[in-house]
Amino acid sequence: MTNEEDTLRAFVAMGGESGGGGCIDAARLIQIIKEDFEMTIDIERLINDIDEDGSGEIEYDEFKNLLSSSE
């Protein structure tokens, strides 16, 4: 499995579509990262940085950017 496949699976698990379409609700993503994964990163800042259109929804390309920025 490639990193791209892992990224797509994570996107789908959070509400995106299997072909990379659709989007993830930013508020839900924040909740998952803080509560489920108990991560202490400043996820709000990261999301604001990558949510290029300010929609509050994270498209697949933005999701990939988010994952690469948190490494």
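All of the numbers you see were taken from the coordinates with simple rules; none came from a lab. Model, not experiment: these values are computed from the prediction.
Normalised by the residues of the chain, what does the relative contact order come to in percent, with Cα pairs under 8 Å and at least six apart?
Answer for the chain is 31 percent.
Could you pull out every residue, at least 5 positions away or on a different chain, whose amide H is within less than 5 Å of the one on Ile58? Hs are placed 1.01 Å off N in the peptide plane, and Pro or chain starts have none.
When sequence neighbours closer than 5 places are left aside, the close amide H contacts are Ile24, Asp25, Ala26.
Report the rotationally averaged projected area of the chain based on its alpha-carbon convex hull, in square nanometres.
Numbers: hull surface 17.9 nm².
Answer in nm², one decimal: 4.5.
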